[in-house]
Amino acid sequence: MSRERVLALLRERQGEYLSGEAMSHELGISRAGVWKAIKGLRQEGYKIASAPNRGYCLENAPDRLRAGELSGPLAGALVGSRLLCLDVIDSTNTECKRQAMSGAEEGLVVTAEEQTAGRGRRGRDFQSPRGKGLYLSALLRPRLTPEEVSDFTAWVAVAVCDGIEACCGVRPKIKWTNDIVLNGRKLVGILTELGIESESNALDYLVTGIGINVNETPEDFSPEVREMATSLAQELGRPVRRAELAAQVALALDRMYAAYPKEKERYLQMYRADCLTPGHQVQLITPTARREAFALEIDDQFNLVVELPDHSRESIAAGEVSVRGMYGYV
């Protein structure tokens, strides 16, 4: 824990020299504890300069997701008020649910360097190569009914676009309802899961999981998804620091959650502006059938309004929609 606190202080004052005595006083640990933390961070790849009578200065840092990297930027936010930054986990969503069932308070954010069983919608795998992507889940406990949070994933999608834009200067688009794409290829998957109290049918918790392809190369994706997936590094032509992206996404989630659901009109307008599905031929996919339709608009409940071949209209609240021209659908 001392190592994370020392790192957070060095990150906050990056480029400045901080004396061991000042760090000891500010953090409430011994100077020996400060030195031990500095030594440990150097062994992990952090470049920390030292100079007599000046102290320590963080010059460079590896691309790691950890509490010491995130606690400073997230200070004062509800989302990220508690951080669980793991090396390897089956799934950040699964771990977040375990924490929820153990009584964890809302605001917990779980990240991992690698997922061994990352999950997408409908039981699909989410490929999670080590040290390449951002795998982040947040635990929330809104005082609403399960029915009242039916549009929550759409709000999350807008927040993720906000976070990516704040970090990288590009704004991706949303493929209804939970895929985020950049230049026609999948960049982000979102999976929202609810915990329901069995006796009262009340909402106990909500976990929203976000998987972002950050620094993957084409070789990091399996052949099955290589042609339809992309990463920020591929599209920007440069690597992206995952800790900075994680902080911006969590801050955007925090702002969104503070606005939910009272600022629905504002988020609905942003969702409509970001969503690329209207105006395209689509397929409505169920476990037993595929139906052709034309996507018309997003209605006031974040549902997708489509026109069927017989010219009837239907409002789609859930399910899977394939957009012609994307992901191999021609």
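Filtered by the rule that a residue be within 19 Å of residue 189 (Cβ to Cβ) and either crowded, with 18+ Cβ neighbours inside 10 Å or not basic (Lys, Arg) (or both), the range 130-148 gives 131, 132, 133, 134, 135, 136, 137, 138, 139, 140. Exactly one residue out of 285, 316 is modelled with pLDDT under 90 and within 21 Å of residue 151 (Cα to Cα), and it is 285. Can you find even one residue in the range 5-20 that is within 23 Å of the chain's Cα centre (by Cα) and open to solvent by 50 Å² or more (accessible area, probe 1.4 Å)? Yes, that holds for at least one residue. Criterion applied to 314, 263 was being over 24 Å from residue 228 (Cα atoms), over 27 Å from the mean Cα position of the chain (by Cα) and of a type in the set (D, E, K, R), and the one residue passing it is 314. Checking each residue in the range 226-235 for being touching a residue at least 60 places away in the same chain (Cβ under 8 Å), closer than 20 Å to residue 64 by Cα and not in a loop (DSSP other than H, G, I, E, B) picks out only 232. If I filter the range 285-313 down to residues being under 18 Å from residue 175 (Cα atoms) and of a type in the set (Asp, Glu), which single residue comes out as least open to solvent (accessible area, probe 1.4 Å)? Once the filter is applied, the top-ranked residue is 299.
Does any residue of the range 244-264 turn out to be at pLDDT 95 or above, surrounded by fewer than 13 Cβ atoms within 10 Å (Cβ to Cβ) and in a helix (DSSP H, G or I)? Yes, the range 244-264 contains a residue that is at pLDDT 95 or above, surrounded by fewer than 13 Cβ atoms within 10 Å (Cβ to Cβ) and in a helix (DSSP H, G or I). Scanning the range 159-174 for residues that are assigned to a helix (DSSP H, G or I), of a type outside the set (Gly, Ala, Ser) and either open to solvent by less than 10 Å² (accessible area, probe 1.4 Å) or touching a strand residue (DSSP E or B) at 6+ places or on another chain (Cβ under 8 Å) (or both) yields a total of 3. Entry remark, the range 265-284: residues being β-branched (Val, Ile, Thr) and surrounded by fewer than 17 Cβ atoms within 10 Å (Cβ to Cβ) number 0 in total.
Residues of the range 102-119 being part of a loop (DSSP other than H, G, I, E, B) and either open to solvent by less than 50 Å² (accessible area, probe 1.4 Å) or aliphatic (A, V, I, L, M) (or both), which ones?
104, 107, 117, 118, listed by residue number.
If you filter the range 14-28 down to residues that are farther than 17 Å from residue 53 by Cα and part of a loop (DSSP other than H, G, I, E, B), you find that the one that is modelled with the lowest pLDDT is 14. A single entry from 38, 48 fulfils the requirement of being in contact with a strand residue (DSSP E or B) (Cβ under 8 Å, 6 or more places away or on another chain), modelled with pLDDT of 95 or more, assigned to a strand (DSSP E or B) and more than 21 Å from residue 206 (Cβ to Cβ): 48.
Looking only at residues of the range 314-330 that are over 23 Å from residue 158 (Cα atoms) and assigned to a loop (DSSP other than H, G, I, E, B), we find that the one that is least open to solvent (accessible area, probe 1.4 Å) is 329. Pairing residues of the range 94-114 that are free of Cβ contacts under 8 Å to residues at least 40 places away in the same chain with residues that are crowded, with 21+ Cβ neighbours inside 10 Å and polar (S, T, N, Q), at Cβ distances under 8 Å and at least 6 apart in sequence or on separate chains, gives 110/92; 110/137; 114/128. Does residue 232 meet the test of being at pLDDT 95 or above, buried (at least 20 other Cβ atoms within 10 Å of the Cβ) and farther than 23 Å from residue 268 by Cβ? Taking the combined requirement at face value, the residue satisfies it.
Of the residues making up the range 62-100, those that are among the aliphatic types (A, V, I, L, M), assigned to a loop (DSSP other than H, G, I, E, B) and open to solvent by less than 20 Å² (accessible area, probe 1.4 Å) are 65, 74, 77, 79.
The values are calculated or read from the model by the stated rules, or taken from the named source; none is laboratory data. These numbers come from a predicted model, not from an experiment. Every residue, glycine among them, receives a Cβ derived from its backbone with ideal geometry; neighbour counts consider all protein chains shown. For accessibility, only protein heavy atoms count, side chains too; no ligands or nucleic acids. Shrake-Rupley method; radii C 1.70, N 1.55, O 1.52, S 1.80 Å.
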